[in-house]
Amino acid sequence: MNPIGTKIKEMRFKTGMSQEELAEKSQVSLRTIQRIENNENEPRGKTMQLICDSLGVPIEELLDFGKKEDLQFLMFFHLSVLSGIVIPLGNIILPLVLWLTKKDKIQGLQKIGARLLNFQIVFQAMTFILIMLATLGKILHWENLHFSNLFLMVFFLVSLNGLFAIIFAISSRRGKQITYPSSIPMIK
C-alpha cells in the first residue's frame, strides 16, 4: 500500500483541491500538509481526522485496516530465506516475490519484508566478495591468503543466516515482531 501521505495527495488531486485549500479547510498549516504529502511526517489523531473530514473520506480508507494478520505466512516468509541453500540467490528472489505479492495484504509485512530483503542483499554481497577473494587468491597463488579460512567463513555466514531465518520464523509464529538487524536500507 502507498504511504498515508501519498494517499492523501491522491485524494486531494481527485477532489481538485490545492494544498492551500486543504490546509485552509482542515485548519492544518500548509507546511504540515506539505510534509505529510512528501511522507516526511505521518498525520496522527486530530490532524488525520481534520484532513479526512476535509477530503470527505473515512480514516479507514487511509489506514491499513484492510490488511489481515497472518502469522503463518510471516513464518513461511522468514523460512523462504532457506531456499538460498539450494537455489542461487533464492534467499533474495523467493522472499522478494512473496513480499511483492503480499505486502499490501498482511500486517507488518511491508516493514519486515524490506528489512529482510536489505539484510539478504548485504549478506549475499559479503558472501560473493568472500568467494571471489578465495577464487582470485587460488588463481593468483596468494601465499598469505588461507582459502580454507575464507570458505569456512562463508559456511559460517550461511549457517548464521539460516539460524536467523529459523529464529525469526518461530518468533513470528508466536506473534512476536522480531526483524532482521538494520542494514543498508536499499528497499523501503
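Observations, loosely collected:
- Coarse-grained scattering of the chain at q = 0.09, 0.17 Å⁻¹, given as base-10 log I(q)/I(0) from a Debye sum over alpha-carbon atoms: -0.49, -1.03
- If the Kirkwood radius is taken over C-alpha pairs of segment 4-62, then at 37 °C and 0.692 mPa s the Stokes-Einstein diffusion coefficient equals 302 µm²/s.
- Span-like helix check, the chain: qualifying full DSSP H segments, with Cα axial length of 27 Å or more and mean Kyte-Doolittle of -1.0 or more, are 109-140, 147-173.
- Distance violations [Cα-Cα > 23 Å] among Lys25/Lys68; Lys7/Lys67; Lys68/Lys111; Lys9/Lys176; Lys14/Lys102; Lys25/Lys105: Lys25/Lys68; Lys9/Lys176; Lys14/Lys102; Lys25/Lys105
- Note on the chain: with a GNM built from Cα contacts shorter than 10 Å, the maximum mean-square fluctuation among Asn118, Asn39, Asn91 falls on Asn39.
- Extent along principal axes [Cα atoms of segment 71-173; Å; largest to smallest]: 53, 22, 21
Values in this text are rule-based calculations from the coordinates and carry no lab data. This is a predicted model, so every value here is computed, not measured.
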